[in-house]
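The values are calculated or read from the model by the stated rules, or taken from the named source; none is laboratory data. Keep in mind that what you see is a predicted model, and the values were worked out from it rather than measured. FYI the Cβ positions are ideal-geometry reconstructions off the backbone, even for glycines, and counts take in every protein chain you see. In case anyone asks, the SASA skips ligands and DNA or RNA and just uses the protein heavy atoms, side chains included. Shrake-Rupley method; radii C 1.70, N 1.55, O 1.52, S 1.80 Å.
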Amino acid sequence: MDIEGTHAAIQLPEGNWWDWDVVAWNSGQLKLAAGHDLAYHHGLELVFGDPFFVCCPAMFSDPIFRAPTADEVLRVTRQVGERPPVVVAFEADAGGQEPVSCLIAAERFEVVQEFVLRYWREDADPDQRFAPWVRSPDQQATSG
């Protein structure tokens, strides 16, 4: 799913996507991951290419995605100097008494549905993808 150039509410594929966290964030990419138990794996990623405005907690649950309001798009436009190609808005439970409003603006956006392990498994398939922080015992020994 790619909604580049739009400001519509995103639609997630069917699944148990109630726990969320940030798995990668640098100048080129913001990646949010979701699943029903983030201790061992996740099955969904929202990948924002070249993010330039991010307002969301590092961990949250039960997001409700919606189209951004005109005021939210204007707010981001004023702060970054141009109308962003992608603006995603949602409310989520971040552990407080009230839901938190979240807003992300980026150049590109993609939904990736793939099983990603968050721990090392010796018997994993060769094409199995691991979370960015997972290292094999060999990699751990050489990076220490």
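Stokes-Einstein diffusion for the range 86-144 at 4 °C, viscosity 1.567 mPa s, with a Kirkwood radius from C-alpha pairs, works out to 85 µm²/s. Sorting the segments 123-130, 71-78 by their residues' average number of neighbouring beta-carbon atoms within 10 angstrom, most packed first, yields 71-78, 123-130. Between helix 70-80 and the chain there is an angle of about 70 degrees, using the helix long axis and the longest principal axis of the Cα atoms. Reducing the range 42-101 and the range 21-38 to their Cα centroids gives an inter-centroid distance of 13 Å. The share of accessible area on the chain that comes from carbon and sulfur is 49 percent, using a 1.4 angstrom probe. According to the Cα-based calculation, Rg over Rh for the range 1-80 is 0.96, with Rh computed by the Kirkwood formula. Working from the Cα coordinates of the range 11-127, the gyration tensor eigenvalues give, after taking √(5λ), semi-axes of 27, 17, 12 Å in decreasing order. Along the axis of the charge dipole computed for the chain (Cβ charges of +1 for Lys and Arg, -1 for Asp and Glu, origin at the Cα centre), the listed residues Val73, Pro57, His7 are led at the positive end by Val73. Expressed as a rounded percentage, what relative contact order does the chain have, with Cα pairs under 8 Å and six or more residues apart? Once divided by the residue count of the chain, the mean separation gives 27 percent.
By the Cβ distance rule of under 4.7 Å, the chain has these cysteines without a partner: Cys55. Around the Cα centre of the chain, unit charges on the Cβ atoms of Lys, Arg, Asp and Glu (plus for the first two, minus for the last two) sum to a dipole of about 440 debye. Note that the chain presents 57 Å² accessible area per residue, ligands and nucleic acids not counted, probe 1.4 Å.
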